[in-house]
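Visitor: If you scroll down you'll find the structure; I have some questions about it.
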Amino acid sequence: MGNVVLGYQTTLREKAEFSGIGVHSGQPVSLVMHPAEANTGIIFSVTCPRTGDVRDIPATLGSIGATDLCTVLGDPSGIFIATVEHLMAAIRALNLDNAIIDVDAYEVPVLDGSSRPFVEGIQQAGIVELKEPRVYIRVKKPVRISMGASWAEFVPHEGTRFEVDIDFDCPTIGRQSHVCDLSAESFSRDVSAARTFGFMKDVERLWAAGFALGSSLENSVVIGDDNKIINPEGLRYKDEFVRHKLLDAVGD
């Protein structure tokens, strides 16, 4: 891989505020995004809800502490911030390079289970260009990793394209594919509203393990034991499941 300069860095014009609950913790969360100087990057300033201690956690590869069920930055046994992928997807798709994100809990609020509220909040706050150039990593040759039957691969491409395929042993989902040439417009229109999803049969097991305590029909697409979608409003896209997996990939 090599570095290439493309355009100039950006930050928020003004702060953007969000509040809700954590999908896994079930606890209330307030999150405020602030403008930041060039070369700051994306930094989560996390306040421990028990002690009031504050820790700055950069949204970088070196900060990843866990990836079970969600992406966790920081120390899972200390101060951390979990379920960052929906917010990070909006940040990446909108080409926001620098922000300080104050959070008063260990999890980003799930809101409606998609990236759309974050996209709308960031767009409302506005994005401004800074004077420092932006640097990208350019993929020069294929890089592939596998885990069981799943795999992911980076390949050289002029631009940024996500190609995602999923295959579930569930007739409601089955095999789905979606391709997105990433831009603020394409992500906002075709991907951002896709919600996280799960199965009723897994709920009790997740609750027992301390996960999905805040999950509900307000923030998740739920598939019942009869393989039917429980949400009365149905799907936002006919292939919402793969679009949400693409959303997660953008965020991660």
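Visitor: Calculate the dipole size of region 107-192 relative to its Cα centre from +1 charges on Lys and Arg beta carbons and -1 charges on Asp and Glu beta carbons; express the result in debye to the nearest 20.
Guide: Charge dipole of region 107-192: 420 debye, to the nearest 20.
Visitor: Output the direction-averaged projected area (hull surface divided by four) of the convex hull of the alpha-carbon atoms of the chain, in nm².
Guide: Orientation-averaged projected area of the Cα hull: 13.7 nm².
Visitor: OK, next. Helix-only estimate, please: 222 nm mean residue ellipticity of the chain, summing -39500 (n - 2.57) across DSSP H runs of length 4 or more and dividing by its residues, to the nearest 500.
Guide: Taking each H run of at least 4 residues, the total per residue is -5500 deg cm²/dmol.
Visitor: Right, something else. Can you find, among Ser177, Ala16, Pro156, the residue sitting farthest towards the positive end of the charge dipole of the chain, where Lys and Arg contribute +1 and Asp and Glu -1 at Cβ?
Guide: It is Pro156.
Visitor: Can you list the aspartates and glutamates whose alpha carbon sits under 13 Å from that of Lys245, skipping same-chain ones fewer than 8 residues off?
Guide: Partners within reach: Glu85, Glu163, Asp165, Asp167, Asp190.
Visitor: Taking the full set of protein chains and a 1.4 angstrom probe, give the accessible area of Thr172 in square angstrom, rounded to the nearest 10.
Guide: Rounded to the nearest 10, the figure is 40 Å².
Visitor: If you put +1 on each Lys and Arg Cβ and -1 on each Asp and Glu Cβ, how big is the dipole of region 84-243 around its Cα centre, in Debye rounded to 20?
Guide: My answer is approximately 520 debye.
Visitor: Could you work out the per residue convex hull volume over the alpha carbons of region 95-188, in cubic angstrom?
Guide: Dividing the Cα hull volume of region 95-188 by its residue count gives 185 Å³.
Visitor: Between Lys201 and Lys238, how many nm apart are label points set 7 Å from Cα along the C-beta direction?
Guide: Distance between label points: 2.6 nm.
Visitor: Quick check for you: which residues of region 73-115 have the amide N under 15 Å from the point 7 Å beyond the Cα of Val54 toward its beta carbon?
Guide: 100-105
Visitor: Counting Lys and Arg as +1 and Asp and Glu as -1, each charge on the Cβ, what is the dipole of region 52-172 about the Cα centre in debye, to the nearest 20?
Guide: My answer is approximately 640 debye.
Visitor: Under the Karplus relation 6.51 cos²θ - 1.76 cosθ + 1.60, θ = phi - 60°, what is the ordered set of whole-Hz ³J(HN,Hα) values for region 182-198, x standing for Gly and Pro?
Guide: Coupling constants for region 182-198: 5, 8, 4, 5, 5, 5, 4, 7, 9, 10, 4, 7, 5, 9, 4, 9, x Hz.
Visitor: Under a crude label model (7 Å from the Cα following the beta-carbon direction), how far is Glu120 from Glu218 in nanometres?
Guide: 1.5
Visitor: How big is region 186-252 on each of its three principal axes, counting only the C-alpha atoms and giving the largest first in Å?
Guide: 38, 26, 17
Visitor: Obtain the nm distance between the two label points defined at Cys170 and Ser77 by a simple spin-label model: each point lies 7 Å from its Cα along the Cα-to-C-beta direction.
Guide: If labels sit at Cys170 and Ser77, their model points lie 3.4 nm apart.
The values are calculated or read from the model by the stated rules, or taken from the named source; none is laboratory data. If you're wondering where the values come from, they're calculated on a predicted model, not measured in any experiment. Don't worry about glycine lacking a Cβ; one is built from the backbone with ideal geometry, like all the others, and counts go over all protein chains shown. Ligands, DNA and RNA are stripped out before the accessible areas are found, and what is left, the full protein with its side chains, is counted by its heavy atoms. Shrake-Rupley method; radii C 1.70, N 1.55, O 1.52, S 1.80 Å.
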